[in-house]
Structures are given as C-alpha cells and as structure tokens.
Amino acid sequence: VAHTSSAAYTTDTAKWSLGCTDARRDAVGMFAKDNGVIGNGIADDGAALNALLSSAATLGLPVVLSPLSTVFTTVEIVIPSNTRLNGNGATIKCGITSSIYTPTIGISGVSNVLIENLKVDGNQAAFAPTTEYKHGIGITTSTDVVLRNVTLIQNKGDGILIAGNNAT
C-alpha cells in the first residue's frame, strides 16, 4: 500500500499500527545474542549465559536463547531463583571436563524457575571415565521448578537428577 507519512507521528497516528515485532525487545525478555552469548556451538558461552541469567533474574525478565542455536559451555550453567529461560529450540552442550560431578545445568537451593523449549546435550563421548554422575540437569533442594518441553540427550549420568528436600 502506498503511504506517505506526515511530518509528525501525532498527526498521523491513524495510519500507524504497531505489531509485536515492533515492540521494544526488552519488553519480552533479554536476548542471549544481544548479551554476549554467541551460540555457534564452538565458542564457550557458559560465563556469558551465567551472567545473563543472573542479571535477568534480578530484573525479573526472561532470557531467550537464539532459535536453534547451540550454546557450548565448559562451566556449569547456574540457574538463580526467579529464572525464566526460553530455549527457543536451542541446545546447551556440555564441555565440562573439570569434574564428573558437575551437571550441565545446576538448579540448587532456588525457587520459582521455568525452563522451556530447550535441549541439553551431555556430550557423553567427550568424557572417558565411567560414571553415574554427569547429569544433564541437577535439581537439589529447590522449590517451584518447572521444566517444559525439555529434551535431555547423551548424558553419562541421569538426564535429570532430583535430590535433597525439594518441596514442590
């Protein structure tokens, strides 16, 4: 449709309609790609994702990973209280070789957590020792944790470990 805008928005409001793609991006969450998480499956994004999760939880905003990206990490992804993580079809791939006890994602002593639309790849072939540990997600002594549409693959240990006094 041909359209010529007026000199000022206020005199032309009838011709404008903002959709959800025009809204401020921070109104729907903090996007990983805008906050140092590369997501190419090669760069170590663990520290950047942990910093983003901490900031977003403090601000009460969800974290949104890039669609179908692969977030490689050599450190545990630590989930703070009040976290909403939308994986958006992304994968978090474990590269933690420092300890057989460290899960790819740790949820410990926290509450009010939602993780959805995410794949967690334990990268089993990268770890030589036989172990019952090296879980995909470790939930210990936490409450109100929801995992929705989360897939766990290639873990040396359990996909999900639930331990301690998890009230709900």
Study note, to complete from the structure: Result for the range 58-168: accessible area per residue, probe 1.4 angstrom, in square angstrom, of 47
Review point. After finding the eigenvalues of the alpha carbon gyration tensor for the range 76-115, what semi-axes result from the square roots of 5 times each, listed largest first in whole Å?
Key: 20, 15, 5
Check your understanding: Using mean Cβ contacts within 10 Å as the protection proxy, how do 159-165, 48-54 order, highest first?
Key -> 48-54, 159-165
Practice item. Find the centroid of the Cα atoms in the range 37-97 and in the range 112-154, then give the distance between the two in whole Å. Key: 13
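The values are calculated or read from the model by the stated rules, or taken from the named source; none is laboratory data. All of these numbers come straight from a predicted model, not from anything done at the bench. Don't worry about glycine lacking a Cβ; one is built from the backbone with ideal geometry, like all the others, and counts go over all protein chains shown. Accessible surface is based on the protein model in full, side chains and every heavy atom, while ligands, DNA and RNA are left aside. Shrake-Rupley method; radii C 1.70, N 1.55, O 1.52, S 1.80 Å.
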